[in-house]
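A short worksheet on the structure shown next.
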Amino acid sequence: MSASPGPRDAGRTLLVGYGKLGAALAPLLGADGAEAIALRRTDAPLPPGVQGIVADVSRSLDVRLPRVDSMIVTLPPGENVDGYRRALQHLERALPDIPARTVFVSSTGVFAGVGPESPISEADEPPLMSDRSRALREGERAAVELFGASVVRPSGIYGPGRDFLLRTVREGRAVDRQRWTNRIHEADLVRTLHVLLRSAEPPVLLHATDEQPVQLGEVVDFLAERLGVAVPPAAPVDQATGHILDGALLRRTLGDLEHPTYVSGYTEMLAALDRS
């Protein structure tokens with residue numbers, strides 16, 4: 001039996017839409033000896049070791065991009081259903097060659113409107129019931145067609161600086177307690193992107209979601225107890241909404257998650273807030 005191919009070198013990597021994910025991924029690339037290039041619309045300062053290119057991919061680029069080995073695309077869809085496709089076409093025209101590896105970051109929001117009747121896996125085709133879900137799916141298709149991309153769909157991202165639910169509980173705002181929710185800690189998502197860049201044979205589509213889909217009421221009860229505040233009131237609903245995601249492929253790809261459930265991730269966040 002032949003040996004499995006080893007990990008590839010990410011090499012020079014273009015981070016398109018350099019935000020929180022790109023900023024967290026860049027140090028991992030640096031530790032590998034890879035070169036990180038941030039492509040974003042502003043010329044704000046960058047950390048040491050990260051080069052910057054100022055350009056707006058929603059428009060035709062007036063700069064010629066450098067040749068890169070890998071590319072991570074993290075962009076909002078824009079106002080139109082074809083916003084992603086146009087941005088990716090602008091990227092393709094500005095690049096001298098197609099990168100050997102592209103990872104396109106989409107969202108499990110592509111399944112908006114699907115109910116919680118059964119777990120959703122990568123084999124399930126989204127029904128595309130909203131403009132946003134259609135835009136996300138069109139972006140995925142364009143990334144595959146233009147760049148042969150691997151597509152990762154994160155569920156609700158949380159972690160340091162992503163504290164919307166904590167603020168909701170503190171402020172006592174009403175929540176849809178019956179809604180099924182899925183989430184991924186930012187640290188596990190960044191590690192997922194790193195693994196997809198370096199894997200010799202990455203999956204073509206991956207749902208980045210932790211091991212415990214859960215109704216929102218359970219999470220806010222946990223947070224209210226830990227924060228020492230009253231449980232937020234329930235918003236009026238007629239039935240359970242949201243959907244349930246199957247994260248089995250992520251675990252086979254990544255191994256053990258740093259934060260397999262909301263309990264682990266939010267416990268770490270609350271401890272960090274207590275120390276600050």
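The values are calculated or read from the model by the stated rules, or taken from the named source; none is laboratory data. Quick caveat: nothing in here was measured; it's all calculated off a predicted structure. Methodologically, a virtual Cβ is constructed for each residue, glycine included, from the backbone with ideal geometry; neighbour enumeration extends over all protein chains shown.
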Let me spell it out: the conditions are (1) within 21 Å of the chain's Cα centre (by Cα); (2) on the phi < 0 side of the Ramachandran plot, and A234 meets all of them except one. Which number is the exception?
(1)
Looking across region 79-120 at residues that are farther than 19 Å from E138 by Cα and among the hydrophobic types (A, V, I, L, M, F, W, C), the single one that is surrounded by the most Cβ atoms within 10 Å (Cβ to Cβ) is I120
Might you let me know whether region 55-70 holds any residue that is outside any loop (DSSP other than H, G, I, E, B) and aliphatic (A, V, I, L, M)?
no
In region 71-97, what residues are among the aliphatic types (A, V, I, L, M), in a loop (DSSP other than H, G, I, E, B) and either more than 19 Å from V152 (Cβ to Cβ) or touching a Pro at 6+ places or on another chain (Cβ under 8 Å) (or both)?
V81, L95
Name, by its number, the condition in (1) in contact (Cβ under 8 Å) with a residue 60 or more places away in the chain; (2) within 30 Å of D9 (Cα to Cα); (3) surrounded by fewer than 22 Cβ atoms within 10 Å (Cβ to Cβ) that does not hold for A235.
(2)
Which of the helices (runs of 4 or more DSSP H) found entirely inside region 126-222 contain at least 2 residues meeting this: modelled with pLDDT under 95 and over 17 Å from L257 (Cα atoms)?
131-147
Could you list all residues from region 16-70 that are closer than 22 Å to I157 by Cβ and of a type in the set (S, T, N, Q)?
T42, S70
Looking only at residues that are of a type in the set (K, R) and under 28 Å from E140 (Cα atoms) in region 172-221, which one is farthest from the chain's Cα centre (by Cα)?
R179
Output yes when any residue across region 30-47 is of a type in the set (S, T, Y), in a loop (DSSP other than H, G, I, E, B) and surrounded by 15 or more Cβ atoms within 10 Å (Cβ to Cβ), and no when none is.
no
Filter region 56-74 down to residues that are surrounded by fewer than 19 Cβ atoms within 10 Å (Cβ to Cβ) and under 22 Å from the mean Cα position of the chain (by Cα) and give me whichever is nearest to G17 (Cα to Cα).
D56
